[in-house]
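Where a number appears in this text, it was derived from the coordinates with a stated rule and is not lab data. Every value quoted in this text rests on a predicted model; they were computed, and no experiment measured them. Please note: Cβ atoms are built from the backbone with ideal geometry, for glycine as well, and neighbour counts cover all protein chains shown.
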Amino acid sequence: SYTSQALPVPANNALNNLGTPFALVSSDAAGISRNATTPDIGAYEFTPAPFDLAAVAIQTQGGCSGPNQTVGVRLRSVGTNTWNFATDSAVITLNITGPGAPQAFSFTVNTDTLASGAERNFTITLAADFTLGGNYTLSAEVQSANDGNALNNTNNRTINVVAPVAQPYTEIFNGSGT
């Protein structure tokens, strides 16, 4: 994984210090000196943050139309240490724009832990309104005071909701009109 989609600097602890030393390559793509004995894999030297939460996905029930839809956000702990929400809470915000009125939801995580490299799904709302058909943009963000990398705190998703067919709907199969 990278620090963000716009900045391809690795942030995965599993890749840290696993490169092969090569004497002719003494600095990375940003001009930072490479470690002579344990360089990082790839074009960039990096040091993962000890505490770092990333918003990696926004989850919906698909393109279902209707009120009271469930929307969740999946977080990953990409820091080197286990995240303890009891001592360092996180706030996940979700904003939805589309054919209807803008919708805003917030969820505070203040219990449990998330081990380094682990992911967990959090239900943010059971009340998203996708009654009108069309494209909806969902934007999620996680915020916490000790997050070591703000570049991976957001995630966006667009869904296309199909408008329901008006009821009652009559179909005549025999051509008689009755």
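What the table below lists for this structure:
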{"item": "Length-normalised contact order for region 3-106 - Cα pairs under 8 Å, 6+ apart - percent", "result": "20"}
{"item": "Distance (nanometres) between label positions extended 7 Å along Cα→Cβ at residue 59 and residue 160", "result": "2.5"}
{"item": "Burial ranking of peptide ranges 114-127, 136-149 (average Cβ count within 10 Å, highest at the top)", "result": "136-149, 114-127"}
{"item": "Point-to-point label distance, residue 110-residue 81, nm (Cα→Cβ direction, 7 Å offset)", "result": "2.1"}
